[in-house]
Every structure is written in structure tokens, then in C-alpha cells.
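Heads up, the thing below is written out as C-alpha cells.
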Amino acid sequence: MIGISIRQLEVFVAISATGSVRAAAERLFVTQPAVSMALAELERQLSTTLFDRAHGRLRLSPRGTEMLPMAQEIMERLREMVRQTDDQPLTLTGELSLGASNTIGNYLVGELLSPFMTAHPAVALKLSVDNTEAIISDVLEHRVEVGCIEGPVNHPKIEVLPWREDSLVVCAAPSHPLVQYRRLHPTFFAGEKWILRERGSAMRVLAEQALTSLPPGEIILELGQVEAIKQAVIAGLGIACLPYAATIDSVAAGRLKILNTPFLDLHRRLSLILHKSRYRGALINAFVASLRPPAAD
């Protein structure tokens, strides 16, 4: 007879999401000893260790990583059963964890979240912002349910859904010599000083690809935030490839200039990513649908 309880699965999912017994207890409004006991009993019944302790946090063991999607699916299906048997009109509730790469999280967050929040105001959204590489890792480790990233990803466990097109632009301070030219040529960029994002960023990859079409220059700074790069460019320290959405206000204020570079391919696709083994319940499906263009008549 199966002795696994809903509470044990709930504890397992909560610890995987928060990384600690204390945080899981706070999320579930129970005591830490109750969480510890539920986890110990679940591991006893499964005859396996679900978590490894590393640097003061609980991380999923290989077996725990395999079992988490199943536990998440059971919990989500139970919530769907409750919704479908309720006499009230169907209202999505609960919490959805999202991850967004820096440009999206800092400059397109309204476009990303507004359609879903307007349609489903009773759902709590939790958004973490990091570079593309980190968001991919969060999806693979089940720390977030849906990721939204700027760069391409090719991983056997990741499902990629297109969201929208985007582009970078080459920017300089208004006083930069290149600004005076109405028409630029690749040769004009010889020896230029460039400011790039840190490695692991999709923006860095696209910028490096563009630089291969130009004469050699010098990378003088590597910064972890788009806003820091923009301020360095405004200060006249060098030029950079920046997301168009991040430049609008500074260009309008006359603090930044966009260089006309039709010879560079700076277009990119923004995508949603999901773990293939994760059950796509009502919340995930509703979020994905909120970012899909309406069907043509």
C-alpha cells in the first residue's frame, strides 16, 4: 500500500524551490521539525536520498532531480481537480515561478508579465533575473517553471517556444568621432574601444559575432549589467552593442547616439524555455498562451 502523503510531496516540492527546510516551512506555514519529519518519511518510503547538502543549502540529488517533475505534476493535477470540482467560475490561483534574462527582466518586464497578470490577477508571480546561462540552469534544475531568454539554446531537456523578435544597436556618446559620419563603413571601426557584457550572456555572444565582421578593436571593459555598460558609453569610455529597448530614454535625452550599422546582423529572437519533463499544468499553459499572438480570423 502506498503511504506517501500529499503533505510529503508538498514539502519535497517546497524544499526544492527554496533550498532550505526553514524557507520551505515558512512557505507552507508549518514548523521546521514538521518539514524535516515529512521529508525524512518520504525518503524512507522511497528508500532514497532526495537532497544533498552543499554550502548550507539543500540541492536535489540525482534521484531527487528525476522525481521532482513527477511530484510537481501530482500537486498540479490535484490543484486542477479542485478547480474543476468547484462550483465557482474557473479562476486560476497559486504561484508561478519565472526566470528572465537581464534585458527582458529589466526593460521588457511589463510586456512579459502584463498580459498574464491582467487575465489572471489571483496568481502570484515570482520573477528572478539573471543572464541567459543562469536562467537555462534554473530551468534545468527546476528552480523556475518558465524561463524567458535572449539567446539560442540547444539542450535535449529544454523545450524552446518563440516569443518575439528583438535587436541590438551600436551606441556611442554624442561626442564620439563616429557620430559625425552620416554613413559608416566597417573600416571606420578599426581600433575602436568596446565595452561588452560578461561571458555567459546571450548579448555577449551576439556582440562578439558582430565584431567578427569589423576590423580588430580593443575590449576595454566587461560589465555584468546593461545599465552599467550604457553609463560607461555615455561617459565616453567606449562603444557598445546595447538592446534597443535599453537605449530609448537616453537617446531621447540626447545622452546617447545610435550608430547606423546596416552591415551588422544584430537581430535576435526572444524565447520561452521549459523543461521537457515538467508537467505543463493550467498556470504554465495560461502564461505561455498570454504571450502568443492572437489567432488570425
Quick one: which residues, 5+ away or cross-chain, put their amide H under 5 Å from the amide H of Glu192? H built at 1.01 Å from N. Glu218
Which lysines, on any chain, are close to Lys157 with Cα under 26 Å apart, when same-chain ones fewer than 8 places away are left out? Lys126, Lys276
Radius ratio Rg over Rh of segment 121-187, counting only Cα atoms, Kirkwood formula for Rh: 1.19
Based on the mean of other Cβ atoms within 10 Å per residue, sort peptides 71-78, 241-248, 180-187 so the most packed one is first. 241-248, 71-78, 180-187
Overall form of segment 1-126 per C-alpha gyration tensor (a/c, 1.5; a/b vs b/c): oblate
Given contacts defined as C-alpha pairs under 8 Å and at least six residues apart, what's the relative contact order of segment 1-145, whole-number percent? 21 percent
Please list, in chain and number order, the residues 5+ apart from Leu259 or on another chain whose amide H is under 5 Å from its amide H, with Hs placed from the backbone. Val170, Cys171, Ala172
Reachable lysines from Lys193, criterion Cα separation under 22 angstrom, eight or more residues apart if same chain: Lys230, Lys257
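Readers should treat all values here as calculations from the given coordinates under stated rules, not as data from a laboratory. Owing to the predicted nature of the structure, the values given are computational and were not obtained by experimental measurement. Here the Cβ is made from the backbone with ideal geometry for all residues, glycine too, and neighbour counts use every protein chain on show.
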